[in-house]
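This report refers to the structure that appears directly beneath it.
The values are calculated or read from the model by the stated rules, or taken from the named source; none is laboratory data. Predicted, not measured: the structure shown is a model, and the values here were computed from it. Every residue, glycine among them, receives a Cβ derived from its backbone with ideal geometry; neighbour counts consider all protein chains shown. All accessible areas refer to the heavy atoms of the entire protein, side chains included, with ligands and DNA or RNA removed. Shrake-Rupley method; radii C 1.70, N 1.55, O 1.52, S 1.80 Å.
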Amino acid sequence: MRLYHVNAGYPLLQENVQVIIPSQQVIPRDAAAESGLHDWDQMPAPAPGVPEQVFYHKGLPEQVQIGVKGANGHALWLCYAREELPMLTQWKSSASGNYVVGLEPGNCWVEGIARERERGTLQFLEPGETKTVTLHIRAE
């Protein structure tokens, strides 16, 4: 299982920051995420006690470019091939003191090895087998 967890926080992450993910489908992980599905790509002002929200993104282009773009023009971008990292999880926390967006490309979701095995999506490397993954991270 491989998952790259890249956090964007302050000073880039502020109210009205745009999360850019060109997915065709956004799936909430649970009830907390379901309540925020209408604005998964926006950040509100931090507030105390707000529960985290986790979204799964499907239907990404072959060459993926995702990011967080601030109102001041600054941005954080991740670029990679969907074939190498076919699954994308977005973690959103609007809680005061834990104000962050996590962009998590990987070959698995964030529910653990047992769930991947159950779904039939757990990947293995054979003895001596290697796999190369290229992930570009760019700040502007």
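FRET efficiency for the E15 to K131 pair, using the beta carbon distance and R₀ = 30 Å, is estimated at 0.15.
Summary value for the stretch 9-139: 26 percent relative contact order, contacts being C-alpha pairs under 8 angstrom separated by 6+ residues.
Label-to-label distance for S35 and E111 is 2.1 nm, based on points extended 7 Å past Cα in the beta-carbon direction. Placing +1 on the Cβ of every Lys and Arg and -1 on the Cβ of every Asp and Glu, with nothing else charged, gives the chain a dipole about its Cα centre of roughly 80 debye. A Gaussian network model of the chain, with springs between Cα atoms under 10 Å, assigns the largest mean-square fluctuation among P48, P61, P22 to P48. Calculated accessible area for the chain comes out at 55 Å² per residue, all protein chains present (probe 1.4 Å; ligands, DNA, RNA ignored).
Cross-link partners for K92 among the lysines, with Cα-Cα distance under 20 Å and sequence neighbours closer than 8 places in the same chain left out: K58, K69. Relative intensity of the chain on a log10 scale, I(q)/I(0) at q = 0.09, 0.16, 0.21 Å⁻¹, equals -0.28, -0.85, -1.35, per a Debye sum over C-alpha point scatterers of equal strength in the absence of solvent. Within the assembled protein chains, the solvent-accessible surface assigned to T130 is about 120 Å², based on a 1.4 Å probe. Please check which bits of the stretch 15-54 a label hung off A95 would reach, taking the label as a point 7 Å along Cα-to-C-beta and the cut-off as backbone N under 13 Å. In the stretch 15-54, the label zone of A95 (backbone N under 13 Å from the point 7 Å along Cα→Cβ) covers 47-54.
Between E84, E34, E129, the GNM of the chain built on Cα springs shorter than 10 angstrom shows E129 fluctuating the most. Computed 3J(HN,Hα) for the stretch 34-42, one whole-Hz value per residue from the Karplus formula 6.51 cos²θ - 1.76 cosθ + 1.60 where θ = phi - 60°, is 4, 5, x, 4, 5, 9, 4, 9, 10, glycine and proline marked x.
If you model the stretch 55-120 as an ellipsoid using its alpha carbon gyration tensor, with each semi-axis the square root of five times an eigenvalue, the axes come out at 24, 18, 7 Å, biggest first. Evaluating 6.51 cos²θ - 1.76 cosθ + 1.60 at θ = phi - 60° for every residue in the stretch 80-97, the Karplus couplings come out as 6, 8, 4, 4, 7, 9, x, 10, 10, 10, 10, 10, 10, 10, 9, 6, 4, x Hz, glycine and proline recorded as x.
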